[in-house]
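Enquirer: Once you've had a glance at the structure underneath, I'll fire off some questions.
The values are calculated or read from the model by the stated rules, or taken from the named source; none is laboratory data. Given the structure is predicted, the values throughout are model-derived calculations rather than measurements. Please note: Cβ atoms are built from the backbone with ideal geometry, for glycine as well, and neighbour counts cover all protein chains shown.
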Amino acid sequence: MKFALIIAATLAVGNCVPINTASPTADQIKELTGATVLFYNSALPKTSSVPLPSFVNERLRIPEVDTDITVTGKNGMAYGINQVLFGRYEFDASTLATKFRLTNLNLTRVYDIEVEGKLFGHKVSGEGVIRQEVLGEGYDVSNLRFEEINNSLQIASLELNLLLGNVNVNLEGVTVDGISVQQLEKLIENYLLTKFNETKEEQNKMIGDMIKSQFNKSWTGYSTDEVIQWLRDHSNGSGQMEFIQKHINSFARVL
């Protein structure tokens with residue numbers, strides 16, 4: 001989902017134009033949540049798999065872990081793209097704040113690869129297959145509160161916490177010097193989890209701000225009831241949500 005708070009004073013002919021602010025009712029927020037979940041489910045892909053983009057001779061350099069490799073990937077596929085769960089929903093009637101969780105149970109990406117170079121200090125080469133399972137990737141959304149500003153539904157607050165349960169990597173067909181393929185797989189898994197944890201707080205804010213900004217632009221000029229009706233009218237399987245494709249493509253290009 002995508003949300004934000006736009007509170008701005010507009011000057012017209014030198015005079016301040018008053019900003020009319022109101023809070024949607026508890027019943028409206030519950031209706032909005034239900035309509036959003038229905039729309040989200042209708043916008044998910046109807047199949048469990050989708051092709052991923054190919055890439056040719058992409059160079060990856062990570063000096064801090066002694067990595068400099070060139071990778072080509074083709075015949076990429078993502079599996080489990082429609083296994084997204086909505087849960088842990090709570091609504092606080094005293095503050096009109098909503099919280100929930102969106103998670104992808106198991107998003108698997110598979111590529112045929114050609115690789116040459118050094119990975120974690122070990123020479124790697126050859127043609128093979130890489131398979132990556134990302135378990136429990138998703139978002140915890142909390143303190144989500146709405147306002148109507150000049151009859152436009154907007155988000156007054158939103159806190160986002162990124163989730164990642166585990167990453168499993170499987171390499172087949174490549175040659176590794178100095179260690180086993182299984183040891184290299186574990187190095188990749190540990191690195192991905194470490195980088196996720198190191199950048200998590202920054203990503204929470206960046207993605208949360210992006211979500212708020214994009215949704216508030218979309219909702220400008222539409223009241224709460226109008227947004228609810230639009231979501232209901234478009235919950236027919238034809239809706240498209242940009243972040244779903246981004247969700248599928250995230251981590252798509254791996255070592």
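Enquirer: Taking region 161-189, which residues are in a strand (DSSP E or B) and in contact with a Leu (Cβ under 6 Å, 6 or more places away or on another chain)?
Expert: Passing the criteria: ASN166, VAL167, VAL176.
Enquirer: Restricting attention to region 84-92, does a residue exist that is part of a strand (DSSP E or B) and under 27 Å from ASN57 (Cβ atoms)?
Expert: no
Enquirer: Any residue at all in region 164-173 that is exposed (fewer than 14 other Cβ atoms within 10 Å of the Cβ), at pLDDT below 95 and out of contact with any His (no Cβ under 9 Å at 6 or more places or on another chain)?
Expert: No, because not a single residue in region 164-173 is exposed (fewer than 14 other Cβ atoms within 10 Å of the Cβ), at pLDDT below 95 and out of contact with any His (no Cβ under 9 Å at 6 or more places or on another chain).
Enquirer: Also: Among the residues of region 33-58, what is the count of those that are under 16 Å from LYS74 (Cα atoms) and either surrounded by 11 or more Cβ atoms within 10 Å (Cβ to Cβ) or over 19 Å from the mean Cα position of the chain (by Cα) (or both)?
Expert: Result for region 33-58: 8.
Enquirer: Could you tell me whether TYR111 is surrounded by fewer than 19 Cβ atoms within 10 Å (Cβ to Cβ) and within 26 Å of GLY165 (Cβ to Cβ)?
Expert: no
Enquirer: Scanning for something in a loop (DSSP other than H, G, I, E, B), of a type in the set (A, V, I, L, M) and more than 30 Å from GLN28 (Cβ to Cβ), does region 133-140 turn up at least one residue?
Expert: No, that holds for no residue.
Enquirer: Let me ask another. Which one of these does LEU105 not meet: (1) surrounded by 15 or more Cβ atoms within 10 Å (Cβ to Cβ); (2) part of a strand (DSSP E or B)?
Expert: Among (1) surrounded by 15 or more Cβ atoms within 10 Å (Cβ to Cβ); (2) part of a strand (DSSP E or B), the lone unmet condition for LEU105 is (1).
Enquirer: Something else now. Which of the residues belonging to region 75-88 are more than 20 Å from GLU133 (Cβ to Cβ) and surrounded by 13 or more Cβ atoms within 10 Å (Cβ to Cβ)?
Expert: Within region 75-88, PHE86, ARG88 meet the criteria.
Enquirer: Hey, any hits in region 73-92 for a residue that's at pLDDT below 85 and either charged (D, E, K, R) or under 30 Å from LYS205 (Cβ atoms) (or both)?
Expert: No.
Enquirer: Just checking, which of ILE19, ILE29 is farther than 30 Å from LEU192 by Cα and either modelled with pLDDT of 90 or more or assigned to a strand (DSSP E or B) (or both)?
Expert: ILE29 is the lone residue from the list that is farther than 30 Å from LEU192 by Cα and either modelled with pLDDT of 90 or more or assigned to a strand (DSSP E or B) (or both).
Enquirer: Which ones in region 222-244 are surrounded by 14 or more Cβ atoms within 10 Å (Cβ to Cβ), modelled with pLDDT under 70 and not aromatic (Phe, Trp, Tyr)?
Expert: Once the filter is applied, which keeps residues that are surrounded by 14 or more Cβ atoms within 10 Å (Cβ to Cβ), modelled with pLDDT under 70 and not aromatic (Phe, Trp, Tyr), region 222-244 yields GLY239, MET241, ILE244.
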